[in-house]
């Protein structure tokens, strides 16, 4: 994930977008290719307000000076879509609640017409109501044709939202399966035992429930 | 130890809310003014200091003469404090500014007093000497500041260490190439930068140019207010009520014109005025001649520097990135900001500001001496910190730092008037510094919930905060222990003993 978003250069292998091989050396490259990332830590500058965070690194300028009014206007629009109750556009994001901070981080990713969205545990820090909001958003983005990598440890989230599931175990890919081909138990087996569904035995599954 | 007892705390809280209710209309008025309350508080503190010293000194402190000198003395520290704000905001520090100032002052003195007149053979008092000197000095400042910044940003050496090294290196270099000599005199136009007088030439704007400057600044303030309102209107954002806008504009213009008025109330020294009258064929009236001095050049330079650095900090990407890096360096890097380049540029800016201050100081002294700028780094850092810049990064303003410099200089100047000796001055300024920072930290803790993940970075930089939180935790521990929920040391020992009895033990 970090390689794809440009935070870390790749050790080996290659990345292809629409079958075209591309190189991603830094976060700027990734964003230029339409890859946006929502980090688990949210990666917000706490001392800046919401518009400054949404446009961080991609500020709107008018004759070389920052156009804060334009950025605030755009931010109001995009955050209004996510959370209509959001009002604090001038306060440093440090003063916002967890859900509002999450909204800022998501707004930053979707405002720039992302083609691929990487979401690292987007609901880990949220309450149930806010989690439901994020789920609605994910479905909406999916229907708009945006490819989403959802990183999650919550098996229900995974089955609710995804089409294909990849399981990593001790830093190695166990396997990638279609959601409709597998049961939750099989995926749990992949997660806990690190075995792909084809190698899982009845005994393994029994132990899981043991 | 102040362990709070609930019965005491309850009525206290009650009175607080009652006071809060009484202040509510004032608070809402303040909010619609949308002014930086922190800056307002500092202005209030400054006013208090001024009025206090004025009473204690029997009216001398707020005389035009003292205020004019105060402004000139503050200028050189204030100029550097603007750059120090950006350095500290981006979670770095520059300890080398005093030595850089000495080194650059020395170099500029050599350029105008030795190299241009003697080595290049152009002779003394050439019309372009001062500007060539100044430009070369600023360029060299940017270069050596940038060099330090390069080592910090690309070499990964902590700025504290790099600039501590710089503090020694630049000071050492002065002795190396000047061999302890004082370089003097400065070229006469260059001397004007210090705000002094040479013959009948005065390092100040004079009466009418000062008024013109004041009026131009007022027009600029009004223009900025109108254009910002218009821009917000275009997006249908809420704007300040008109009375608030008017009040802010009127107060700002009042301050600007007040400064000009004070500067114009300070007359030229008697002998300079007499000489001036002689040259211009003015007959001296019986009551003596009153020629207004006007805004001093060091103050004018400070003003320009403040405007430029404030513009960089608030209206340009560079400034936005500096604050973002200070707020969260990882987030800044993930947003695609070139963190290293930005850090290097802050140090280069600091170097060129040190060069400007060096010009002001050498011009004022009319000489470069080996201990030029010694301990200035401490004054500059103090000014920035008193002005609200936080060492946890991401917080601080340029106007705040200017105010900080003026507050510090006011304290010193006031104590000089009251004949307080210099060690006592140091003690007072030191205490003020600590109290100011302690106060700012208290504000910080109020800012947000104590989410450990979010405050972890702050703790690392802020032993004080960590201590305060640990104290809270100790209190919790104590109350748990009292209720027997938490093993105290004696209970724990009993448990260990019991364990040893039951299972036998190798420990003694």
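The values are calculated or read from the model by the stated rules, or taken from the named source; none is laboratory data. The structure displayed is predicted, hence computed values, not measured ones. All Cβ positions, even for glycine, are placed from backbone atoms using ideal geometry, and neighbour counts span all protein chains on display.
Mind telling me which of the residues A:9, A:21, A:27 ends up being modelled with pLDDT under 90, farther than 29 Å from residue A:132 by Cα and facing another protein chain (nearest Cβ under 9 Å)? Full working, then the answer.
Numbers: A:9 fails: facing another protein chain (nearest Cβ under 9 Å); A:21 fails: facing another protein chain (nearest Cβ under 9 Å).
Unique residue meeting the criteria: A:27.
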Filtering the stretch B:321-332 down to residues that are at the interface with chain A (Cβ under 7 Å from one of its Cβ atoms), assigned to a helix (DSSP H, G or I) and in contact with a helix residue (DSSP H, G or I) (Cβ under 9 Å, 6 or more places away or on another chain) yields B:323, B:324, B:326, B:327, B:331, B:332
Within the stretch A:142-157, the residues that are modelled with pLDDT of 85 or more and either in contact with a helix residue (DSSP H, G or I) (Cβ under 7 Å, 6 or more places away or on another chain) or part of a helix (DSSP H, G or I) (or both) are A:142, A:143, A:148, A:150, A:152
Top-ranked residue of the stretch B:363-397 - restricted to ones that are under 11 Å from the mean Cα position of the chain (by Cα) and part of a loop (DSSP other than H, G, I, E, B), ranked as surrounded by the fewest Cβ atoms within 10 Å (Cβ to Cβ)
B:397
What single numbered condition from (1) farther than 28 Å from residue B:296 by Cα; (2) touching a helix residue (DSSP H, G or I) at 6+ places or on another chain (Cβ under 9 Å) fails to hold for residue B:384?
(1)
Taking the condition of being over 15 Å from residue A:3 (Cα atoms), surrounded by fewer than 22 Cβ atoms within 10 Å (Cβ to Cβ) and away from chain B (no Cβ under 11 Å), how many residues in the stretch A:30-50 meet it?
0
Residue count, the stretch A:74-93, condition buried (at least 20 other Cβ atoms within 10 Å of the Cβ) and at the interface with another protein chain (Cβ under 10 Å from one of its Cβ atoms), comes to 2
Taking the stretch A:132-169 only, how many residues are free of Cβ contacts under 8 Å to residues at least 24 places away in the same chain, within 30 Å of residue A:74 (Cα to Cα) and surrounded by 18 or more Cβ atoms within 10 Å (Cβ to Cβ)?
1
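Please note which helices (runs of 4 or more DSSP H) are completely contained in the stretch B:1-116 and include at least 2 residues that are over 24 Å from residue B:260 (Cβ atoms) and at pLDDT 80 or above.
Working: elements: B:6-33, B:37-56, B:64-89, B:97-110.
Of the helices (runs of 4 or more DSSP H) lying wholly inside the stretch B:1-116, those with at least 2 residues that are over 24 Å from residue B:260 (Cβ atoms) and at pLDDT 80 or above span B:37-56, B:64-89, B:97-110.
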If we scan the stretch A:52-68, do we find a residue that is buried (at least 16 other Cβ atoms within 10 Å of the Cβ), more than 11 Å from every other protein chain (Cβ to nearest Cβ), under 18 Å from the mean Cα position of the chain (by Cα) and in contact (Cβ under 8 Å) with a residue 12 or more places away in the chain?
no
Examine the stretch B:273-293 for a residue that is closer than 25 Å to residue B:357 by Cα, under 23 Å from the mean Cα position of the chain (by Cα) and either facing chain A (nearest Cβ under 8 Å) or surrounded by 20 or more Cβ atoms within 10 Å (Cβ to Cβ) (or both), and state whether such a residue exists.
no
Output the residues belonging to the stretch A:30-44 that are outside any loop (DSSP other than H, G, I, E, B) and in contact with a helix residue (DSSP H, G or I) (Cβ under 8 Å, 6 or more places away or on another chain).
A:36, A:37, A:38
Those residues that are modelled with pLDDT under 95 and either crowded, with 23+ Cβ neighbours inside 10 Å or away from chain A (no Cβ under 14 Å) (or both), I need them from the stretch B:335-362; list them, please.
B:335, B:337
Being surrounded by fewer than 17 Cβ atoms within 10 Å (Cβ to Cβ), modelled with pLDDT under 90 and away from chain B (no Cβ under 12 Å), is that true of even one residue in the stretch A:108-120?
yes
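Search the stretch A:1-29 for residues being outside any loop (DSSP other than H, G, I, E, B) and within 20 Å of the chain's Cα centre (by Cα), and hand back the single one that is surrounded by the fewest Cβ atoms within 10 Å (Cβ to Cβ).
Only one residue tops the list, namely A:16.
Do we have residue B:416 as over 26 Å from residue B:37 (Cα atoms), surrounded by fewer than 23 Cβ atoms within 10 Å (Cβ to Cβ), more than 11 Å from chain A (Cβ to nearest Cβ) and in contact (Cβ under 8 Å) with a residue 60 or more places away in the chain here?
Values: over 26 Å from residue B:37 (Cα atoms): yes; surrounded by fewer than 23 Cβ atoms within 10 Å (Cβ to Cβ): yes; more than 11 Å from chain A (Cβ to nearest Cβ): yes; in contact (Cβ under 8 Å) with a residue 60 or more places away in the chain: no.
Answer is no for this residue.
So which residues in the stretch B:227-254 are within 14 Å of chain A (Cβ to nearest Cβ), more than 18 Å from residue A:66 (Cβ to Cβ) and out of contact with any helix residue (DSSP H, G or I) (no Cβ under 8 Å at 6 or more places or on another chain), if there are any at all? Steps first, answer last, please.
First, the residues of the stretch B:227-254 that are within 14 Å of chain A (Cβ to nearest Cβ): B:227-240.
Next cut, more than 18 Å from residue A:66 (Cβ to Cβ) only: B:233, B:236, B:238-240.
Once the filter is applied, which keeps residues that are within 14 Å of chain A (Cβ to nearest Cβ), more than 18 Å from residue A:66 (Cβ to Cβ) and out of contact with any helix residue (DSSP H, G or I) (no Cβ under 8 Å at 6 or more places or on another chain), the stretch B:227-254 yields B:233, B:236.
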